[in-house]
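Report on the following structure.
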Amino acid sequence: MLEIGNRRRAQPPPPAVLFEALTKPHRDPTRPWLLLLKDEQEPQILEAVEPSLVVWSSLWTRRPDAVIRFTLEPGENANGTALHWALLVDEPEPDASLVGHLRKRLNELIHRDLRHSFGQ
(Lines give C-alpha, C1' and ligand atoms only; values in the text may rest on other atoms or scores of the structure.)
Protein backbone atom coordinates (compact mmCIF):
# COMPACT_ATOMS: atom_id res chain seq x y z
CA MET A 1 0.00 0.00 0.00
CA LEU A 2 1.05 3.57 -0.67
CA GLU A 3 1.10 6.16 2.10
CA ILE A 4 -0.50 9.29 0.65
CA GLY A 5 -0.71 11.33 3.83
CA ASN A 6 0.10 11.44 7.51
CA ARG A 7 0.02 13.83 10.43
CA ARG A 8 1.17 13.74 14.03
CA ARG A 9 -0.35 16.08 16.60
CA ALA A 10 -1.09 16.26 20.28
CA GLN A 11 -4.60 15.50 21.53
CA PRO A 12 -5.76 16.45 25.04
CA PRO A 13 -7.06 13.11 26.40
CA PRO A 14 -4.82 10.22 27.45
CA PRO A 15 -4.32 7.31 25.01
CA ALA A 16 -6.96 5.04 26.61
CA VAL A 17 -9.67 7.70 26.25
CA LEU A 18 -8.66 8.54 22.69
CA PHE A 19 -8.54 4.82 21.83
CA GLU A 20 -12.15 4.48 22.99
CA ALA A 21 -13.20 7.53 20.95
CA LEU A 22 -11.65 6.05 17.80
CA THR A 23 -13.08 2.56 18.32
CA LYS A 24 -16.53 3.73 19.49
CA PRO A 25 -17.01 7.13 17.82
CA HIS A 26 -20.72 7.37 18.71
CA ARG A 27 -20.37 6.26 22.35
CA ASP A 28 -21.32 9.68 23.72
CA PRO A 29 -24.19 11.28 21.78
CA THR A 30 -23.66 14.55 23.65
CA ARG A 31 -20.22 14.87 21.98
CA PRO A 32 -20.68 13.94 18.30
CA TRP A 33 -17.54 14.28 16.21
CA LEU A 34 -17.63 11.70 13.38
CA LEU A 35 -19.98 13.67 11.14
CA LEU A 36 -19.65 12.25 7.64
CA LEU A 37 -20.19 13.89 4.26
CA LYS A 38 -22.39 12.44 1.50
CA ASP A 39 -19.45 10.68 -0.17
CA GLU A 40 -18.30 9.10 3.12
CA GLN A 41 -19.24 5.97 5.04
CA GLU A 42 -18.82 4.69 8.59
CA PRO A 43 -15.40 3.12 9.04
CA GLN A 44 -15.03 -0.43 10.25
CA ILE A 45 -12.40 -1.33 12.83
CA LEU A 46 -9.90 -3.56 11.01
CA GLU A 47 -7.44 -3.82 13.88
CA ALA A 48 -7.24 -2.51 17.42
CA VAL A 49 -4.55 -2.94 20.07
CA GLU A 50 -5.54 -1.07 23.20
CA PRO A 51 -4.44 1.66 23.78
CA SER A 52 -1.84 2.15 21.06
CA LEU A 53 -3.25 1.21 17.62
CA VAL A 54 -6.49 1.56 15.68
CA VAL A 55 -6.91 0.77 11.99
CA TRP A 56 -10.03 1.94 10.16
CA SER A 57 -11.42 0.84 6.83
CA SER A 58 -12.05 3.51 4.23
CA LEU A 59 -14.31 6.48 4.88
CA TRP A 60 -14.70 7.09 1.16
CA THR A 61 -16.97 5.23 -1.23
CA ARG A 62 -14.81 6.23 -4.20
CA ARG A 63 -11.66 4.81 -2.54
CA PRO A 64 -12.87 1.68 -0.71
CA ASP A 65 -9.27 0.42 -0.64
CA ALA A 66 -8.14 3.24 1.67
CA VAL A 67 -7.04 2.38 5.21
CA ILE A 68 -6.42 4.82 8.06
CA ARG A 69 -3.88 3.73 10.67
CA PHE A 70 -3.81 5.56 14.00
CA THR A 71 -0.96 5.16 16.47
CA LEU A 72 -1.36 6.58 19.95
CA GLU A 73 1.48 7.30 22.35
CA PRO A 74 1.59 9.13 25.67
CA GLY A 75 2.13 12.83 25.12
CA GLU A 76 5.06 14.86 26.37
CA ASN A 77 5.42 14.70 30.15
CA ALA A 78 2.66 12.03 30.11
CA ASN A 79 0.07 14.69 29.21
CA GLY A 80 -2.51 13.79 26.59
CA THR A 81 -1.70 11.72 23.52
CA ALA A 82 0.62 12.04 20.57
CA LEU A 83 -1.74 10.88 17.81
CA HIS A 84 -0.37 9.92 14.41
CA TRP A 85 -2.55 8.99 11.45
CA ALA A 86 -1.39 7.56 8.16
CA LEU A 87 -3.60 7.24 5.08
CA LEU A 88 -2.79 4.22 2.92
CA VAL A 89 -4.21 3.24 -0.48
CA ASP A 90 -3.64 0.59 -3.11
CA GLU A 91 -2.18 1.59 -6.46
CA PRO A 92 -2.93 3.55 -8.51
CA GLU A 93 -2.34 6.61 -6.38
CA PRO A 94 -5.24 9.07 -6.57
CA ASP A 95 -4.73 12.37 -8.37
CA ALA A 96 -3.47 15.34 -6.36
CA SER A 97 -6.93 16.87 -5.99
CA LEU A 98 -8.40 13.74 -4.39
CA VAL A 99 -5.33 13.25 -2.17
CA GLY A 100 -5.76 16.81 -0.93
CA HIS A 101 -9.46 16.23 -0.21
CA LEU A 102 -8.81 12.99 1.72
CA ARG A 103 -6.05 14.55 3.82
CA LYS A 104 -8.12 17.62 4.55
CA ARG A 105 -11.08 15.50 5.69
CA LEU A 106 -8.93 13.45 8.05
CA ASN A 107 -7.46 16.62 9.51
CA GLU A 108 -10.95 18.06 9.97
CA LEU A 109 -12.36 14.91 11.56
CA ILE A 110 -9.40 14.09 13.80
CA HIS A 111 -7.55 17.32 14.55
CA ARG A 112 -10.59 19.59 14.60
CA ASP A 113 -13.83 17.72 15.36
CA LEU A 114 -12.45 15.00 17.65
CA ARG A 115 -10.27 17.55 19.47
CA HIS A 116 -13.25 19.89 19.92
CA SER A 117 -15.33 17.04 21.33
CA PHE A 118 -12.88 17.04 24.26
CA GLY A 119 -13.32 20.78 24.81
CA GLN A 120 -10.17 21.93 22.99
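The values are calculated or read from the model by the stated rules, or taken from the named source; none is laboratory data. Note that this is a predicted model, so its numbers are computed, not measured. For neighbour counting, all protein chains shown are included, and Cβ atoms are generated from backbone atoms with ideal geometry for every residue, glycine included. Ligands, DNA and RNA are excluded from the accessible area calculation, which covers all protein heavy atoms including side chains. Shrake-Rupley method; radii C 1.70, N 1.55, O 1.52, S 1.80 Å.
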Item to check | Nearest 10 degrees, 0 to 90: helix 96-108 Cα axis against the chain principal axis | outcome: 20 degrees
Next on the checklist: Out of the total accessible area of the chain (probe 1.4 Å, heavy atoms of protein only), what percent is carbon and sulfur?
Outcome noted: 50 percent
Checklist entry - Using a simple spin-label model with points 7 Å from Cα along the Cα→Cβ vector, what separation in nm is obtained for LYS24 and ALA82? => result 2.8 nm
Checklist outcome for this item: Around ALA82 (Cβ within 10 Å, Cβ-to-Cβ, excluding ALA82; K/R +1, D/E -1) the net charge comes to 0
Checklist outcome for this item: Label model pair LEU53, ASP113: point-to-point distance (7 angstrom along the Cα→beta-carbon line) in nm is 2.6 nm
Checklist entry - Cα gyration tensor of the stretch 3-54, axes a ≥ b ≥ c as square roots of the eigenvalues: rounded (a/c below 1.5), prolate (a/b > b/c) or oblate? => result rounded
Item to check | Cα-based shape type of the stretch 47-120, given that a ≥ b ≥ c are square roots of the gyration tensor eigenvalues and the cut on a/c is 1.5 | outcome: prolate
Checklist entry - Counting Lys +1, Arg +1, Asp -1, Glu -1, what net charge surrounds LYS24 among other residues with beta carbon under 14 Å of its beta carbon? => result -2
Next on the checklist: In Å², and per residue, what accessible area does the chain have when probed at 1.4 Å with the other protein chains present?
Outcome noted: 54 Å²
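With a 1.4 Å probe and all protein chains kept in place, how do GLU91, GLU3 rank by accessible area, largest first?
Ranked from most to least accessible, the order is GLU91, GLU3.
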Item to check | Overall Cα dimensions of the stretch 1-115 - principal axes, largest extent first, Å | outcome: 40, 29, 23
Checklist outcome for this item: Expressed in square angstrom to the nearest 10, the accessible area of ARG27 with a 1.4 Å probe stands at 80 Å²
